[in-house]
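The structure under discussion appears below in the form of structure tokens.
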Amino acid sequence: MAEQQLSSEDPATVLKNAKSSLKALEEALKTKDPWDRDIEFHRRNARRQFLHLIFAFPYSPQTVVMDNPIWLETSHRCIAAYRARITAVEEAVAARSRTKAEATNSGEGG
């Protein structure tokens, strides 16, 4: 039993769990809104795994490379998905406005 607990505290295992959490976040973002509770759960879980890796194993090779990716892979990914949704809505609104303006202009010319 002590061996099993020890293996769960191995930096490679923690990194593997963190990457698994990131994959779950990535998959959830494909089908759910960035503000969905499931997305927030997956984001926090991945972040928690990375923080555990950083603070429990500060000198491990797995930790040294995690300074910037923790932000990019968790919060930034959700923010990027949210911005993409906003851009899509803005483009749809702009296209609709152009279509109405063109219809109005063609009606005045006749």
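For chymotrypsin sites (Phe, Trp or Tyr not before Pro), the sites in region 4-63 that DSSP calls loop and that have at most 12 other Cβ atoms within 10 Å are W35, Y59.
In units of the compact-protein estimate 2.2 N^0.38 Å, region 27-97 shows a Cα radius of gyration of 1.44. Mean-square fluctuations from a GNM of the chain, with a 10 angstrom spring cutoff on Cα atoms, peak among V65, V93, V14 at V93.
The angle between the Cα long axis of helix 75-109 and the main principal axis of the chain comes to about 10°, on a 0 to 90 degree scale.
Shown in residue order for region 12-21 are the 3J(HN,Hα) couplings computed by the Karplus curve 6.51 cos²θ - 1.76 cosθ + 1.60 at θ = phi - 60°: 5, 5, 4, 4, 4, 5, 5, 5, 5, 5 Hz (x for Gly and Pro). Between A12, A84, A94, the Gaussian network model of the chain with springs among Cα atoms under 10 angstrom shows the greatest mean-square fluctuation at A94.
Taking the protein heavy atoms of the chain in the context of the full set of protein chains, the accessible area attributed to carbon and sulfur is 56 percent at 1.4 Å. Across region 49-90, the residues whose backbone nitrogen lies under 20 Å from the label position 7 Å along the beta-carbon direction of T13 are 49-64. Looking only at E91, E26, E73, which one moves most when the chain is put into a Gaussian network model with springs between Cα atoms under 10 Å? Per the Cα network of the chain with a 10 Å cutoff, E91 tops the list.
The values are calculated or read from the model by the stated rules, or taken from the named source; none is laboratory data. Since we're looking at a predicted model, the values are computed, not measured. Positions of Cβ are generated from backbone atoms using ideal geometry, with glycine treated the same way; all protein chains shown enter the neighbour counts. Only protein heavy atoms, including side chains, enter the accessible area calculation; ligands, DNA and RNA are left aside. Shrake-Rupley method; radii C 1.70, N 1.55, O 1.52, S 1.80 Å.
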